[in-house]
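First the structure, in the form of structure tokens, and then the observations on it.
Only the coordinates and a few stated rules stand behind these numbers; no lab work does. The structure presented is a predicted model; accordingly, all values stated were derived computationally and were not measured. Glycine gets a Cβ as well: all are built from the backbone with ideal geometry, and neighbour counts include every protein chain shown.
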Amino acid sequence: MITLQLLNAKLLDVETDLIVVPIFNDLIPLKGEAGYLDWRLNGEISRLIKANKISGIFEEVTLISREHKIACGTALLLGFGKMANLDSPKLATIYSYMAQTIKSMGKDRFALSLSIPSSNAIDDCERLSAGLVEGLADSLIGDKSSGDYTIAVAEEDAALLKSLKKGLTKAIRARQLGRKMKIESG
């Protein structure tokens, strides 16, 4: 069973095993959760980008562990590629890759934010929700080795959180995953 916990909170303040932060290779300076994490880490992510150690290319993965700076202690920076090219099939692919990566790390609890720096945040909720549900279903459901997963979806904007809940519910129903995936408000 996959439990999606909707939290009215900042991603970096969620207490969980791991947080997932998207990095876009065409969005400099960093914005959204990546910008906030970079600020918390005193510009460490910006320095890694400047030194060409990370770039945000599609499916790039970087693990950062800073227990005194992040509530959970560990952040997975996940390359989303170009923000301009972020369509629904690509979202499902990146969320599937994210789930496979986290599963291979032996984690069953993690948190993410579906918000991306955008002028159409409310409009993006349905597309982002559908991509997440499809990606999680492809990676975590049906595999005999799959167990239970708890995924916190953090959003500090109440209106966006409401839209995300609507989008996630619609996506779960569309894929007929009601017995394998549930939503909880926290």
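Using a cut-off of under 19 Å, list every residue of the stretch 147-186 whose amide N is near the label point 7 Å from the Cα of Thr3 along the Cα-to-beta-carbon line. Those under the cut-off are 147-155, 165, 168-169, 172, 177-186.
Between Asn52 and Lys82, the contour length at 0.36 nm per residue exceeds the Cα-Cα span by 9.1 nm.
When the listed pairs Lys50/Lys107; Lys103/Lys165; Lys69/Lys166 are checked against a 26 Å cut-off, the alpha-carbon distance exceeds it for Lys50/Lys107; Lys69/Lys166.
Rounded to the nearest whole Hz, the Karplus-based 3J(HN,Hα) values (6.51 cos²θ - 1.76 cosθ + 1.60, θ = phi - 60°) of the stretch 51-63 follow the sequence 7, 6, 7, 9, 9, x, 5, 3, 6, 6, 10, 9, 9, with x at glycine and proline. Note that the stretch 102-114 has calculated 3J(HN,Hα) couplings of 5, 4, 5, 7, x, 9, 10, 9, 7, 10, 8, 10, 8 Hz, one per residue in order, obtained from phi through the Karplus relation 6.51 cos²θ - 1.76 cosθ + 1.60 (θ = phi - 60°); glycine and proline are x.
Distant-in-sequence amide contacts of Val61, defined by a placed amide H-H separation under 5 Å and a gap of 5 or more residues or a different chain, comprise Gly79.
Within the chain, what percent of beta bridges assigned by DSSP are antiparallel, to the nearest 5? Write out the running numbers ahead of the final one.
Details: 5 of 28 bridges.
The antiparallel fraction comes to roughly 20 percent.
Taking a virtual spin label 7 Å from the Cα of Trp39 along the C-beta vector, which residues in the stretch 64-95 bring their backbone nitrogen under 13 Å of it? No residue qualifies, since no backbone N sits under 13 Å from the label point. Compared with the direct C-alpha span, the chain from Glu59 to Ala159 gains 33.1 nm at full extension, assuming 0.36 nm per residue.
If Lys and Arg each add +1 and Asp and Glu each add -1, what is the summed charge of the other residues whose beta carbon sits under 15 Å from the beta carbon of Glu44?
Here the count lands on +3.
Sorted fewest first by neighbouring Cβ atoms within 10 angstrom, Phe58, Phe80 come out as Phe58, Phe80.
Here the stretch 143-186 and the stretch 1-64 have alpha carbon centers that stand 21 Å from each other.
Per-residue ellipticity at 222 nm, computed for the chain from helices alone with -39500 (n - 2.57) per DSSP H run of at least four residues, works out to -12000 deg cm²/dmol.
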